[in-house]
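The block underneath contains the structure these notes are about, expressed in C-alpha coordinates.
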There are 2 protein chains.
Amino acid sequence: MQEGTISIPGHREVTAPAQSRPRGDVYAANCPTRQLLDRIADKWSTLILMLLAAEDMRFNALKRRIQGVSQKMLSQTLRSLERDGLVSRSVEPTVPVTVTYAITPLGRGLFGSLSAMIEWAETCMIEVTAAQRAYDLKQASAG
Amino acid sequence: MQEGTISIPGHREVTAPAQSRPRGDVYAANCPTRQLLDRIADKWSTLILMLLAAEDMRFNALKRRIQGVSQKMLSQTLRSLERDGLVSRSVEPTVPVTVTYAITPLGRGLFGSLSAMIEWAETCMIEVTAAQRAYDLKQASAG
DNA sequence: CTGCATCCGCAATGATACTG
DNA sequence: CAGTATCATTGCGGATGCAG
(Lines give C-alpha, C1' and ligand atoms only; values in the text may rest on other atoms or scores of the structure.)
Protein backbone atom coordinates (compact mmCIF):
# COMPACT_ATOMS: atom_id res chain seq x y z
CA MET A 1 0.00 0.00 0.00
CA GLN A 2 1.21 3.45 -0.90
CA GLU A 3 0.26 6.92 0.09
CA GLY A 4 -2.82 7.63 -1.94
CA THR A 5 -4.41 4.24 -1.42
CA ILE A 6 -7.55 3.46 0.45
CA SER A 7 -8.72 0.54 2.43
CA ILE A 8 -11.45 -1.05 0.36
CA PRO A 9 -10.65 -4.69 0.91
CA GLY A 10 -11.42 -6.10 -2.49
CA HIS A 11 -9.62 -3.32 -4.22
CA ARG A 12 -6.39 -4.36 -5.82
CA GLU A 13 -4.09 -1.39 -5.85
CA VAL A 14 -1.94 -0.87 -8.89
CA THR A 15 0.64 1.12 -6.99
CA ALA A 16 -0.35 4.44 -8.43
CA PRO A 17 1.03 7.12 -6.15
CA ALA A 18 0.04 10.45 -7.59
CA GLN A 19 0.39 9.52 -11.24
CA SER A 20 1.63 12.39 -13.33
CA ARG A 21 0.62 11.37 -16.84
CA PRO A 22 -3.05 10.53 -16.68
CA ARG A 23 -3.84 10.38 -20.36
CA GLY A 24 -3.08 8.35 -23.40
CA ASP A 25 -1.47 5.13 -22.28
CA VAL A 26 -3.78 2.47 -21.05
CA TYR A 27 -0.80 0.17 -21.08
CA ALA A 28 1.14 2.03 -18.46
CA ALA A 29 0.80 0.32 -15.13
CA ASN A 30 -0.10 3.46 -13.24
CA CYS A 31 -2.62 4.80 -15.70
CA PRO A 32 -5.83 5.67 -13.89
CA THR A 33 -7.83 4.41 -16.81
CA ARG A 34 -6.40 1.02 -16.20
CA GLN A 35 -7.56 1.12 -12.63
CA LEU A 36 -11.00 1.77 -13.94
CA LEU A 37 -10.57 -1.00 -16.44
CA ASP A 38 -9.71 -3.35 -13.65
CA ARG A 39 -12.89 -2.41 -11.87
CA ILE A 40 -14.93 -2.94 -14.97
CA ALA A 41 -13.16 -6.17 -15.62
CA ASP A 42 -14.41 -7.48 -12.34
CA LYS A 43 -16.30 -10.71 -12.40
CA TRP A 44 -19.25 -9.43 -10.40
CA SER A 45 -19.29 -5.77 -11.32
CA THR A 46 -20.49 -6.52 -14.79
CA LEU A 47 -23.28 -8.74 -13.62
CA ILE A 48 -24.43 -6.29 -10.97
CA LEU A 49 -24.41 -3.40 -13.36
CA MET A 50 -26.46 -5.34 -15.88
CA LEU A 51 -29.04 -6.21 -13.26
CA LEU A 52 -29.29 -2.71 -11.89
CA ALA A 53 -29.56 -1.27 -15.36
CA ALA A 54 -32.84 -3.11 -15.67
CA GLU A 55 -34.24 -2.15 -12.28
CA ASP A 56 -33.35 -1.01 -8.80
CA MET A 57 -32.72 -3.90 -6.50
CA ARG A 58 -32.30 -4.79 -2.87
CA PHE A 59 -29.25 -6.54 -1.55
CA ASN A 60 -30.73 -9.96 -1.18
CA ALA A 61 -32.53 -9.72 -4.46
CA LEU A 62 -29.17 -9.23 -6.11
CA LYS A 63 -27.67 -12.06 -4.16
CA ARG A 64 -30.45 -14.41 -5.14
CA ARG A 65 -30.19 -13.41 -8.75
CA ILE A 66 -26.46 -13.72 -9.10
CA GLN A 67 -25.73 -17.32 -8.44
CA GLY A 68 -22.41 -18.08 -6.89
CA VAL A 69 -21.69 -14.76 -5.29
CA SER A 70 -21.07 -14.62 -1.55
CA GLN A 71 -22.43 -11.73 0.48
CA LYS A 72 -18.93 -10.71 1.16
CA MET A 73 -18.09 -10.26 -2.48
CA LEU A 74 -21.44 -8.76 -3.27
CA SER A 75 -21.16 -6.24 -0.50
CA GLN A 76 -17.58 -5.51 -1.44
CA THR A 77 -18.30 -5.07 -5.12
CA LEU A 78 -21.31 -2.95 -4.39
CA ARG A 79 -19.22 -0.65 -2.27
CA SER A 80 -16.58 -0.33 -4.96
CA LEU A 81 -19.24 0.43 -7.49
CA GLU A 82 -20.73 3.01 -5.19
CA ARG A 83 -17.37 4.58 -4.62
CA ASP A 84 -16.83 4.85 -8.35
CA GLY A 85 -20.15 6.60 -8.67
CA LEU A 86 -21.58 3.89 -10.87
CA VAL A 87 -24.16 2.72 -8.41
CA SER A 88 -26.13 4.57 -5.79
CA ARG A 89 -27.22 3.22 -2.47
CA SER A 90 -30.29 4.51 -0.70
CA VAL A 91 -31.33 3.59 2.78
CA GLU A 92 -34.91 3.75 3.97
CA PRO A 93 -35.02 3.89 7.74
CA THR A 94 -37.62 1.22 8.13
CA VAL A 95 -37.33 -1.60 10.61
CA PRO A 96 -35.57 -3.60 9.55
CA VAL A 97 -33.70 -1.21 7.36
CA THR A 98 -34.35 -1.26 3.63
CA VAL A 99 -31.44 -0.69 1.30
CA THR A 100 -31.93 -0.25 -2.40
CA TYR A 101 -29.26 -0.11 -5.05
CA ALA A 102 -29.68 1.71 -8.33
CA ILE A 103 -27.56 2.49 -11.31
CA THR A 104 -26.43 6.09 -11.73
CA PRO A 105 -26.31 8.02 -14.99
CA LEU A 106 -22.58 7.46 -15.01
CA GLY A 107 -23.11 3.76 -14.58
CA ARG A 108 -25.69 3.73 -17.29
CA GLY A 109 -23.14 5.15 -19.65
CA LEU A 110 -20.88 2.24 -18.97
CA PHE A 111 -23.76 -0.14 -19.27
CA GLY A 112 -24.00 0.64 -22.95
CA SER A 113 -20.53 -0.67 -23.67
CA LEU A 114 -21.06 -3.54 -21.34
CA SER A 115 -24.22 -4.78 -22.94
CA ALA A 116 -22.53 -4.78 -26.32
CA MET A 117 -19.95 -7.07 -24.81
CA ILE A 118 -22.50 -9.39 -23.28
CA GLU A 119 -24.35 -9.53 -26.53
CA TRP A 120 -21.17 -10.42 -28.33
CA ALA A 121 -20.47 -13.09 -25.75
CA GLU A 122 -23.85 -14.68 -26.23
CA THR A 123 -23.60 -14.51 -29.99
CA CYS A 124 -20.11 -15.87 -30.39
CA MET A 125 -20.16 -18.37 -27.59
CA ILE A 126 -20.66 -21.19 -30.05
CA GLU A 127 -17.66 -20.22 -32.11
CA VAL A 128 -15.50 -19.83 -29.09
CA THR A 129 -16.52 -23.19 -27.74
CA ALA A 130 -15.71 -24.74 -31.09
CA ALA A 131 -12.33 -23.06 -31.11
CA GLN A 132 -11.63 -24.37 -27.65
CA ARG A 133 -12.51 -27.89 -28.61
CA ALA A 134 -10.31 -27.71 -31.67
CA TYR A 135 -7.45 -26.36 -29.61
CA ASP A 136 -7.81 -29.03 -26.95
CA LEU A 137 -7.87 -31.77 -29.55
CA LYS A 138 -4.76 -30.47 -31.18
CA GLN A 139 -3.03 -30.33 -27.83
CA ALA A 140 -4.09 -33.81 -26.92
CA SER A 141 -2.66 -35.26 -30.12
CA ALA A 142 0.43 -33.09 -30.37
CA GLY A 143 1.40 -33.57 -26.81
CA MET B 1 -12.12 -29.68 -11.32
CA GLN B 2 -14.81 -31.62 -13.04
CA GLU B 3 -15.05 -33.79 -16.08
CA GLY B 4 -15.10 -31.32 -18.92
CA THR B 5 -12.42 -29.09 -17.54
CA ILE B 6 -8.98 -28.54 -18.95
CA SER B 7 -5.67 -27.71 -17.45
CA ILE B 8 -4.96 -24.17 -18.51
CA PRO B 9 -3.49 -22.81 -15.31
CA GLY B 10 -4.92 -19.33 -15.30
CA HIS B 11 -8.34 -20.56 -16.13
CA ARG B 12 -10.76 -20.39 -13.26
CA GLU B 13 -13.33 -23.08 -13.73
CA VAL B 14 -16.87 -22.25 -12.81
CA THR B 15 -17.77 -25.85 -12.19
CA ALA B 16 -19.69 -26.28 -15.39
CA PRO B 17 -19.98 -29.99 -15.99
CA ALA B 18 -21.93 -30.44 -19.19
CA GLN B 19 -24.30 -27.57 -18.63
CA SER B 20 -27.76 -28.26 -19.87
CA ARG B 21 -29.29 -24.80 -20.20
CA PRO B 22 -26.82 -22.77 -22.22
CA ARG B 23 -28.97 -19.78 -23.08
CA GLY B 24 -30.62 -16.86 -21.46
CA ASP B 25 -29.25 -16.57 -17.97
CA VAL B 26 -25.90 -14.92 -17.67
CA TYR B 27 -26.51 -14.87 -13.96
CA ALA B 28 -26.54 -18.59 -13.59
CA ALA B 29 -23.24 -19.84 -12.27
CA ASN B 30 -22.83 -22.52 -14.89
CA CYS B 31 -23.75 -20.46 -17.91
CA PRO B 32 -21.10 -20.80 -20.59
CA THR B 33 -21.53 -17.18 -21.50
CA ARG B 34 -20.35 -16.30 -18.07
CA GLN B 35 -17.22 -18.32 -18.59
CA LEU B 36 -16.58 -16.28 -21.64
CA LEU B 37 -17.39 -13.15 -19.74
CA ASP B 38 -14.80 -14.09 -17.18
CA ARG B 39 -12.25 -14.44 -19.91
CA ILE B 40 -13.13 -11.11 -21.40
CA ALA B 41 -13.15 -9.55 -18.01
CA ASP B 42 -9.54 -10.50 -17.59
CA LYS B 43 -7.13 -7.77 -16.70
CA TRP B 44 -4.65 -8.61 -19.43
CA SER B 45 -6.88 -10.05 -22.12
CA THR B 46 -8.38 -6.68 -22.82
CA LEU B 47 -5.04 -4.98 -23.12
CA ILE B 48 -3.60 -7.67 -25.34
CA LEU B 49 -6.59 -7.68 -27.62
CA MET B 50 -6.42 -3.92 -27.98
CA LEU B 51 -2.79 -4.06 -28.91
CA LEU B 52 -3.17 -6.88 -31.39
CA ALA B 53 -6.15 -5.20 -32.97
CA ALA B 54 -3.78 -2.45 -34.03
CA GLU B 55 -1.02 -4.69 -35.31
CA ASP B 56 0.52 -8.12 -35.09
CA MET B 57 3.07 -8.34 -32.36
CA ARG B 58 5.82 -10.53 -31.02
CA PHE B 59 5.88 -11.86 -27.51
CA ASN B 60 8.45 -9.51 -26.09
CA ALA B 61 6.99 -6.56 -27.89
CA LEU B 62 3.75 -7.21 -26.07
CA LYS B 63 5.57 -7.64 -22.82
CA ARG B 64 7.39 -4.38 -23.22
CA ARG B 65 4.26 -2.57 -24.17
CA ILE B 66 2.09 -3.81 -21.35
CA GLN B 67 3.75 -2.57 -18.24
CA GLY B 68 3.34 -4.68 -15.19
CA VAL B 69 2.63 -8.01 -16.82
CA SER B 70 4.88 -10.94 -16.01
CA GLN B 71 5.93 -13.32 -18.76
CA LYS B 72 4.02 -15.97 -16.99
CA MET B 73 0.75 -14.11 -17.12
CA LEU B 74 1.37 -12.91 -20.62
CA SER B 75 2.11 -16.39 -21.84
CA GLN B 76 -0.84 -17.77 -19.98
CA THR B 77 -3.28 -15.17 -21.19
CA LEU B 78 -2.02 -15.50 -24.72
CA ARG B 79 -2.64 -19.20 -24.63
CA SER B 80 -6.15 -18.73 -23.29
CA LEU B 81 -6.85 -16.22 -25.99
CA GLU B 82 -5.53 -18.60 -28.58
CA ARG B 83 -7.62 -21.41 -27.23
CA ASP B 84 -10.69 -19.24 -27.44
CA GLY B 85 -9.90 -18.52 -31.05
CA LEU B 86 -9.52 -14.81 -30.43
CA VAL B 87 -5.83 -14.68 -31.16
CA SER B 88 -3.66 -16.64 -33.54
CA ARG B 89 -0.08 -17.68 -32.97
CA SER B 90 2.34 -18.24 -35.82
CA VAL B 91 5.82 -19.60 -35.51
CA GLU B 92 8.59 -18.91 -37.97
CA PRO B 93 11.33 -21.50 -37.66
CA THR B 94 14.18 -19.05 -37.57
CA VAL B 95 17.00 -19.20 -35.06
CA PRO B 96 16.08 -18.10 -32.56
CA VAL B 97 12.48 -18.86 -33.22
CA THR B 98 10.14 -16.02 -34.12
CA VAL B 99 6.60 -16.08 -32.79
CA THR B 100 4.00 -13.59 -33.88
CA TYR B 101 0.59 -13.08 -32.40
CA ALA B 102 -2.32 -11.67 -34.33
CA ILE B 103 -5.96 -11.05 -33.71
CA THR B 104 -8.46 -13.30 -35.45
CA PRO B 105 -11.71 -12.22 -37.09
CA LEU B 106 -13.51 -13.56 -34.05
CA GLY B 107 -11.29 -11.52 -31.80
CA ARG B 108 -11.84 -8.49 -33.90
CA GLY B 109 -15.53 -8.81 -33.33
CA LEU B 110 -14.99 -8.64 -29.62
CA PHE B 111 -12.61 -5.78 -30.06
CA GLY B 112 -15.48 -3.59 -31.13
CA SER B 113 -17.28 -3.90 -27.83
CA LEU B 114 -14.04 -3.66 -25.98
CA SER B 115 -12.92 -0.43 -27.52
CA ALA B 116 -16.25 1.14 -26.67
CA MET B 117 -15.53 0.25 -23.09
CA ILE B 118 -12.03 1.65 -23.13
CA GLU B 119 -13.28 4.79 -24.71
CA TRP B 120 -15.88 5.12 -22.02
CA ALA B 121 -13.23 4.53 -19.40
CA GLU B 122 -11.04 7.27 -20.75
CA THR B 123 -13.91 9.67 -21.11
CA CYS B 124 -15.46 9.16 -17.72
CA MET B 125 -12.31 8.65 -15.75
CA ILE B 126 -12.52 12.19 -14.43
CA GLU B 127 -16.03 11.75 -13.18
CA VAL B 128 -15.20 8.46 -11.57
CA THR B 129 -12.18 9.88 -9.86
CA ALA B 130 -14.28 12.74 -8.56
CA ALA B 131 -16.87 10.30 -7.29
CA GLN B 132 -14.17 8.33 -5.53
CA ARG B 133 -12.79 11.38 -3.85
CA ALA B 134 -16.22 12.45 -2.72
CA TYR B 135 -16.90 9.00 -1.37
CA ASP B 136 -13.62 8.83 0.47
CA LEU B 137 -14.15 12.21 2.03
CA LYS B 138 -17.59 11.25 3.21
CA GLN B 139 -16.19 8.08 4.69
CA ALA B 140 -13.38 9.90 6.40
CA SER B 141 -15.73 12.30 8.10
CA ALA B 142 -18.58 9.93 8.81
CA GLY B 143 -16.56 6.81 9.24
C1' DC C 1 -32.90 -7.53 6.56
C1' DT C 2 -28.46 -5.51 5.50
C1' DG C 3 -24.54 -5.58 6.26
C1' DC C 4 -19.37 -5.60 8.55
C1' DA C 5 -15.39 -8.23 10.91
C1' DT C 6 -12.63 -12.22 11.19
C1' DC C 7 -10.53 -16.46 10.16
C1' DC C 8 -8.69 -19.40 6.65
C1' DG C 9 -7.81 -22.39 2.47
C1' DC C 10 -6.66 -22.25 -1.95
C1' DA C 11 -6.15 -20.49 -6.43
C1' DA C 12 -3.92 -16.98 -8.93
C1' DT C 13 0.02 -14.22 -9.50
C1' DG C 14 4.79 -12.79 -9.38
C1' DA C 15 9.97 -13.56 -9.22
C1' DT C 16 13.50 -16.30 -10.52
C1' DA C 17 15.89 -19.74 -12.91
C1' DC C 18 16.34 -22.65 -16.71
C1' DT C 19 15.57 -24.59 -21.72
C1' DG C 20 15.57 -24.65 -26.93
C1' DC D 1 13.67 -14.62 -28.49
C1' DA D 2 10.00 -17.31 -26.52
C1' DG D 3 8.70 -19.62 -23.45
C1' DT D 4 8.36 -23.47 -19.27
C1' DA D 5 9.15 -24.98 -14.36
C1' DT D 6 9.50 -24.08 -9.70
C1' DC D 7 8.83 -21.65 -5.56
C1' DA D 8 6.90 -17.91 -2.55
C1' DT D 9 3.34 -14.83 -1.67
C1' DT D 10 -0.90 -12.57 -1.97
C1' DG D 11 -5.38 -11.74 -1.40
C1' DC D 12 -9.79 -13.60 -3.36
C1' DG D 13 -13.57 -15.58 -1.87
C1' DG D 14 -16.26 -18.71 1.33
C1' DA D 15 -17.98 -19.59 6.10
C1' DT D 16 -19.21 -18.01 10.26
C1' DG D 17 -20.51 -14.80 13.79
C1' DC D 18 -22.05 -10.40 15.25
C1' DA D 19 -24.41 -5.64 14.97
C1' DG D 20 -27.86 -2.07 13.81
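The values are calculated or read from the model by the stated rules, or taken from the named source; none is laboratory data. What you are looking at is a predicted structure, and each value in this text was computed from that prediction instead of being measured. We place every Cβ from the backbone using ideal geometry, glycine too, and count neighbours over all the protein chains shown.
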(request) Of the numbered conditions (1) over 18 Å from B:Glu122 (Cβ atoms); (2) at pLDDT below 90; (3) under 12 Å from the mean Cα position of the chain (by Cα); (4) among the β-branched types (Val, Ile, Thr), A:Ile8 fails exactly one; give the number of that condition. (result) (3)
(request) Give region B:85-103 a look and list any residue that's in a loop (DSSP other than H, G, I, E, B) and either within 16 Å of DNA strand D (Cβ to nearest atom) or away from chain A (no Cβ under 12 Å) (or both), or say none. (result) B:Leu86, B:Pro93, B:Thr94, B:Val95, B:Pro96, B:Val97
(request) Taking the options B:Leu137, B:Leu110, B:Leu106, name whichever one is more than 8 Å from chain A (Cβ to nearest Cβ) and outside any strand (DSSP E or B). (result) B:Leu137
(request) Could you please let me know if A:Leu106 is within 16 Å of DNA strand D (Cβ to nearest atom), surrounded by 15 or more Cβ atoms within 10 Å (Cβ to Cβ) and not β-branched (Val, Ile, Thr)? (result) no
(request) Could you list, in sequence order, all residues of region A:87-110 that are among the hydrophobic types (A, V, I, L, M, F, W, C), touching a strand residue (DSSP E or B) at 6+ places or on another chain (Cβ under 8 Å) and free of Cβ contacts under 8 Å to residues at least 40 places away in the same chain? (result) A:Val87, A:Val91, A:Val97
(request) May I ask you to say which residue of B:Ile126, B:Ile48 is at pLDDT below 95, surrounded by 20 or more Cβ atoms within 10 Å (Cβ to Cβ) and β-branched (Val, Ile, Thr)? (result) B:Ile48
(message) Show me the helices (runs of 4 or more DSSP H) entirely contained within region A:27-81 in which 1 or more residues are under 12 Å from the mean Cα position of the chain (by Cα).
(response) A:32-40, A:43-54
(message) Here is a list: B:Ile48, B:Ile66, B:Ile118. Which entry is more than 9 Å from chain A (Cβ to nearest Cβ), within 26 Å of A:Met117 (Cα to Cα) and of a type in the set (A, V, I, L, M, F, W, C)?
(response) B:Ile48
(request) Kindly indicate whether any position in region B:15-33 is more than 11 Å from DNA strand C (Cβ to nearest atom), modelled with pLDDT of 75 or more and basic (Lys, Arg). (result) no
(message) A:Ser141 - would you say it is within 30 Å of B:Glu82 (Cα to Cα), more than 16 Å from DNA strand C (Cβ to nearest atom) and touching a residue at least 24 places away in the same chain (Cβ under 8 Å)?
(response) no
